[in-house]
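Before any comments, here is the structure.
The values are calculated or read from the model by the stated rules, or taken from the named source; none is laboratory data. Because the structure is predicted, anything quoted here is derived from the model rather than measured. Backbone-built Cβ (ideal geometry, glycine too); neighbour counts: all protein chains shown.
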Amino acid sequence: MLTKLLLTLLVILGCFFLLQLQRRRAAAVAQNQGGDSGPGRRLGWILAALLAVAVVLAATLMVMDWQDQRVKLEVRVINPVTGEEQRYQAYRSALQGRQFTTIDGLQVQLSEAERVEVRELEQP
C-alpha cells in the first residue's frame, strides 16, 4: 500500500514540476511577444485542481485503510478435543493466517486442529 502511495506521489510531483517548467517557458515566450498566455494559464489552474483532488483522494483512502486496519475484533479459539474456548481481542491488522497478536501484546500461534471464529466488536 505504501509503495503504491509513494509511486502515485512521485508521478504527481513529476507532473507538477513538468508543469512548472512548461509554465516558465510559456511566460518567457509571452514576455518576449508581449502577450498574455491565457489558455496556458487556464490549463495550469485545471492541472493544479486535478493535483489537489488527487492528493485529497489519496489522503482520504489512506485514512480509510488505516481506520479499517484499526477495527477491534474478538477472536474465539476453540479446542476441538476438549471444547475449551478462549477469547482474545486483536486488531484486524494483527491477524496473519494462523497467528495473531492481541491488543495486550500476546502472540498466539494456532494449530491446524483448532477452530477460530472472528467477529467485529461493536464500537462505542
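Quick look at the values:
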read-out: Some residue of segment 57-79 being within 19 Å of Ala113 (Cβ to Cβ), part of a loop (DSSP other than H, G, I, E, B) and in contact (Cβ under 8 Å) with a residue 24 or more places away in the chain; value: yes
read-out: Residues being exposed (fewer than 11 other Cβ atoms within 10 Å of the Cβ), modelled with pLDDT of 90 or more and outside any strand (DSSP E or B) - total across segment 92-105; value: 2
